[in-house]
Amino acid sequence: MATGSGDDDGGQQQINSLALGSCLFGCFKGLFECAWQCVQFWTPLTVIVILLWLIYRPDRFRPRVDSAVLAALQLDATDGQQLRYDLAVDLSFRNSHSRLTIRYLDVGATAFYNGTKLGPADDALPAPFRQGPKNTTVLHPAFRGAVAVDSGVAAELERELASGTVHVRVSVALTLMYKVWLAKEVVFYKYDCWLWFPPPANDTPAVFDAGTQCWAT
């Protein structure tokens, strides 16, 4: 009798194990089918979004300086360590895409001479703003004031004035947002725009009208 009872218990345990295994297999099968359905649904949509993003995103976006006027860039007559400057720039931003709208979250411009910061633009540049497809926006940053310089910068300015050409760098910082359907990305760009002028005279500002592309840094 004891042996028969043991066989019954063993059989019952085997049945329970089979039932548990079948239940677990059913659960894993259901999870796998659910995951496979998600993959089948999301993979084509993801591929479409990536393709649209690659097609619409304007990776070659660069600002441009159309023209600039340098009214003053000279050392102070009474203090040779003070550099007076007066610079106005026409800075254009072109959205060449036929469908994509760009949102400008922040725009900044700063002028430099030989590594010396001449200061940010006198007036804050407008932001945020939207720029539609096939559209050009022109901003007009201006830089006026005086800054202390060391003897090396003063000597370089004297050398450039004597040679007949002075060089100024305008640095442009942009925070833009691109959006394609449900996908959007906020990116930060920084560009350098190099300008060259004849030395400005007291009553005759120097004009830069050649136009130049700004380059990413």
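In table form, for the structure just shown:
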read-out	value
Protection proxy ranking of 86-92, 172-178 - average other beta-carbon atoms within 10 Å, highest first	86-92, 172-178
Cα-based convex hull, segment 81-217, per residue volume (Å³, whole number)	116 Å³
Net lengthening on full extension, residue 127/residue 177 (0.36 nm per residue, minus Cα-Cα)	16.8 nm
Kirkwood hydrodynamic radius (C-alpha pairs) into Stokes-Einstein, segment 152-204, 4 °C and 1.567 mPa s, D in µm²/s	90 µm²/s
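Every number here is computed from the coordinates shown, using simple stated rules; none is lab data. Quantities reported herein were computed from a predicted structural model and do not represent experimental measurements. Please note: Cβ atoms are built from the backbone with ideal geometry, for glycine as well, and neighbour counts cover all protein chains shown.
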